[in-house]
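*Asks:* Submitted below is the structure of interest, expressed as structure tokens.
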DNA sequence: ATACCGACCTGTCAGC
DNA sequence: TGCTGACAGGTCGGTA
């Protein structure tokens, strides 16, 4: 579900609402665990910890923790998978189905991790998490070009490869390629310098616009307050198969690249 | 190394 | 109304 703009919106919302708060107690569900660390390890680390800051790295939410036990050297890393939500709620509010973790905060509120498909992952670790790849919003055009020049994969697949850039997912890969007028199946290392430059600019632009709109809400995405985002009304390729291209009216095509549904304009994208 | 594909899960929607 | 199958914002591991 959530790509970089959605995770950024969620992390910023969480930071605003829970930074400075303390986790008093933790409940972890017993189902097959959506965990990378064990339930016991997560509870032991989170209980008594103060939330210093919440931020985004790639598609991960990072809680920087401080506590007397751990001397502030621990982090709680949350990946939302396709359907994960991290919500701040009042304890009286009904607990949604598929709630896998509830952290009671000193302020009286609760932090709830909800994830129907259980593709999300929770992990506690030492500080220093940097994510698997480069940050799409900070990388400059030259480094971007060098990075993509190393990949023989279709450019769409390269955009989704988190070891190259982390944070780009299916929606924004399609949107960036549309805006850069590049076909998704082109080999990344076959793109010209000028095309890579356009792709870099298009990607950063679409991510920034989406962050400004609070992310894209398709079915179940909501931020930490349970609010939907609005970028989906600005999608030009993703989810528009058969509809006229907003530039040239040619019907948008849908194909499969790297196992993912891929939308593009056969006329505008070369 | 690379790329395709199924697996992991549940929910929803289209089609019959 | 209800069943079946396809599909969904992500990632991982196996195989060719």
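Any read-out appearing in this document is the output of simple, stated calculations on the displayed coordinates, not a laboratory observation. Being a predicted model, the structure only gives us computed values, none of them experimental. With ideal geometry, Cβ positions are generated from the backbone for all residues, glycine too; neighbour counts draw on all protein chains shown.
*Asks:* Among (1) part of a loop (DSSP other than H, G, I, E, B); (2) in contact (Cβ under 8 Å) with a residue 40 or more places away in the chain, where does residue A:228 come up short?
*Replies:* All conditions are met except number (2).
*Asks:* Just a yes or no: is a residue in region A:190-213 at negative phi, within 16 Å of DNA strand C (Cβ to nearest atom), surrounded by fewer than 14 Cβ atoms within 10 Å (Cβ to Cβ) and not in a helix (DSSP H, G or I)?
*Replies:* no
*Asks:* Just checking, which of A:173, A:158 is outside any strand (DSSP E or B), farther than 19 Å from residue A:14 by Cβ, within 10 Å of DNA strand C (Cβ to nearest atom) and touching a helix residue (DSSP H, G or I) at 6+ places or on another chain (Cβ under 9 Å)?
*Replies:* Values: A:158 fails: within 10 Å of DNA strand C (Cβ to nearest atom).
When all the criteria are applied, what remains is A:173.
*Asks:* Determine which single condition residue A:183 fails, assuming it passes every other condition in (1) within 15 Å of DNA strand C (Cβ to nearest atom); (2) in a loop (DSSP other than H, G, I, E, B); (3) in contact with a strand residue (DSSP E or B) (Cβ under 7 Å, 6 or more places away or on another chain).
*Replies:* All conditions pass for residue A:183, except number (1).
*Asks:* Within region A:94-115, track down each residue that is assigned to a loop (DSSP other than H, G, I, E, B) and touching a strand residue (DSSP E or B) at 6+ places or on another chain (Cβ under 9 Å).
*Replies:* A:95, A:96, A:97, A:98, A:106, A:107, A:109, A:115
*Asks:* Here are the criteria: (1) in contact with a helix residue (DSSP H, G or I) (Cβ under 9 Å, 6 or more places away or on another chain); (2) away from DNA strand C (no atom under 11 Å from the Cβ); (3) in a loop (DSSP other than H, G, I, E, B). Tell me which single one residue A:88 does not satisfy.
*Replies:* Result: residue A:88 passes all but (3).
*Asks:* Since residue A:11 meets every condition but one in (1) part of a helix (DSSP H, G or I); (2) in contact with a helix residue (DSSP H, G or I) (Cβ under 8 Å, 6 or more places away or on another chain), which condition does it not meet?
*Replies:* Failed condition: (2).
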